Amino acid sequence: MVLAFLSFYLWQSASSPVVVTSEEDRMTEVVLSAMPQLLERWQEGDREGKFKKTSWACGNLPFSPHVAPAFLKCQPRYLECWAKGEAGVPGFLSVTLGDTKYEVRLRKSFPEGHLQWVTRSELGRADLPIAGALVDVEVKGLGHWPMILEDTCRDTYLPERIYSYGARPERDTRPVEMMWDNIGRKIFIDKFLVSKADVELWRKKPAPSNELALPAIDLTVKEQEAYCAWRGARRMEAALFDAATMTPADLSRPTPEFIVKPWLPWTRDRRGTFFEKALQNPDWKPTATDCSLAFVAGCEKVATYQPHHTDNVAWSGIFQVLGGEAEIFRNPIEPDHVVRLSSRRLPANDDGHQLGRRVGRAIAAGFRCYREVFP
């Protein structure tokens, strides 16, 4: 709440001189009282589960089977739907101070509608959030103020500790450790692959409505780098992905002497998992539950691919790390090993479904960004 209010305060204070009146004092009280509700709507999105229901009437974000609830968090298209009253819930906030009830809305103040997506680089203001939704908050009968709702849903912090690069060695193979650390570095990694909705904001060209949640797999490496730079970030690196997906054996020890790598992000023992079952049984078929953990070949027959499904999660809080679309990285360590093998194209019994396994670029692939915050 403090970040959002600070953004609106800095924006307003730089716009024009303000003469404080009792009416403006009341305006401030109402806006501050409404901020928790507004931030919750922005950060939680469709928390009532109205998407796919008959009360959903948003032409800006029509039904798509690829949309999972996490996609609607910090999603400008969703906030526009809400502000227009098309998201199945009232498009305003109610605040009561004393005996007076106030109605707080978003004004339709921009060519795009009730909000405009902005970045720090576009505004040229180092004191503003890296990216977010510029809105004009109106209190009926009192006035309106602009503010920026920061995109706080996008990335997750990579804890500072010693990590290891590369896949787990094959059975009966002597391990070779390539250890490194990020101690003293504040690194934040995208939770999901960059979506077509994300690229839409960058290119300022609308994407097909039923494809908004799907990963952007048609960008060149230069375009991926340009997109990440627009967000004040860099294209994801292979070593960072390994760190974020391979669960440490002992989370309480940030500086271990050696690292035992797991095959999978959710367990250190592959035995009993559906990958092991697929290896042992040639007639094995995936279930919807299996596909929620990793969307592999054959899953299209029992489930719909949802790139923002949150069952496929690694220890650091990043999602969709096996299966789904292949993923491409920047890799200064091994420049010829840049694409994650595990994808929806491989059956579950393929040994490519293993953390750290990469090849050269031969297929269309999605990507992530990461950013580093310096003191």
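The values are calculated or read from the model by the stated rules, or taken from the named source; none is laboratory data. Computed from a prediction, not measured in an experiment: that's the story for all the values here. Here the Cβ positions follow ideal geometry from the backbone for every residue, glycine too, while neighbour counts run over all protein chains shown.
Taking the stretch 59-88, which residues are among the aliphatic types (A, V, I, L, M), in a helix (DSSP H, G or I) and closer than 16 Å to residue 117 by Cβ?
We begin by selecting, within the stretch 59-88, every residue among the aliphatic types (A, V, I, L, M); these are 61, 67-68, 70, 72, 79, 83, 87.
Going one step further and asking which of them are in a helix (DSSP H, G or I), we end up with 70, 72, 79, 83.
Selection gives 72, 79, 83.
Out of all the residues in the stretch 199-221, is one or more more than 30 Å from residue 38 (Cα to Cα) and outside any loop (DSSP other than H, G, I, E, B)?
yes
How about the stretch 328-375: which of its residues are assigned to a strand (DSSP E or B) and of a type in the set (Asp, Glu)?
372
In the stretch 27-58, what residues are free of Cβ contacts under 8 Å to residues at least 40 places away in the same chain, within 16 Å of residue 83 (Cα to Cα) and assigned to a loop (DSSP other than H, G, I, E, B)?
45, 47, 50, 51, 55, 56, 57, 58, listed by residue number.
Here are some residues: 223, 237. Which one is without any contact (Cβ under 8 Å) to a residue 12 or more places away in the chain and of a type outside the set (S, T, N, Q)?
223
Which residue out of 344, 371, 358 is out of contact with any Ser or Thr (no Cβ under 8 Å at 6 or more places or on another chain) and either under 20 Å from residue 247 (Cβ atoms) or not assigned by TED's automatic domain parsing to the domain that holds residue 280 (or both)? Explain how you work it out, then say what you get.
Working: 344 fails: either under 20 Å from residue 247 (Cβ atoms) or not assigned by TED's automatic domain parsing to the domain that holds residue 280 (or both); 371 fails: either under 20 Å from residue 247 (Cβ atoms) or not assigned by TED's automatic domain parsing to the domain that holds residue 280 (or both).
Step by step, each of 344, 371, 358 is checked, and only 358 is out of contact with any Ser or Thr (no Cβ under 8 Å at 6 or more places or on another chain) and either under 20 Å from residue 247 (Cβ atoms) or not assigned by TED's automatic domain parsing to the domain that holds residue 280 (or both).
Please verify whether residue 125 is touching a strand residue (DSSP E or B) at 6+ places or on another chain (Cβ under 9 Å) and not assigned by TED's automatic domain parsing to the domain that holds residue 374, treating the condition exactly as stated.
Numbers: touching a strand residue (DSSP E or B) at 6+ places or on another chain (Cβ under 9 Å): no; not assigned by TED's automatic domain parsing to the domain that holds residue 374: yes.
So residue 125 does not fit the description; no.
Would you mind stating whether residue 108 is out of contact with any helix residue (DSSP H, G or I) (no Cβ under 7 Å at 6 or more places or on another chain), at pLDDT 95 or above and not in a helix (DSSP H, G or I)? Lay out the reasoning, then the answer.
On the way: out of contact with any helix residue (DSSP H, G or I) (no Cβ under 7 Å at 6 or more places or on another chain): yes; at pLDDT 95 or above: yes; not in a helix (DSSP H, G or I): yes.
Answer is yes for this residue.
Considering only the stretch 89-103, state which residues are outside any strand (DSSP E or B), among the small types (Gly, Ala, Ser) and closer than 16 Å to residue 26 by Cα.
Once the filter is applied, which keeps residues that are outside any strand (DSSP E or B), among the small types (Gly, Ala, Ser) and closer than 16 Å to residue 26 by Cα, the stretch 89-103 yields only 98.
Enumerate the strands (runs of 3 or more DSSP E) found wholly within the stretch 128-172, keeping only those where 3 or more residues are modelled with pLDDT of 90 or more and buried (at least 21 other Cβ atoms within 10 Å of the Cβ).
Filter on the stretch 128-172 gives 131-139, 143-150.
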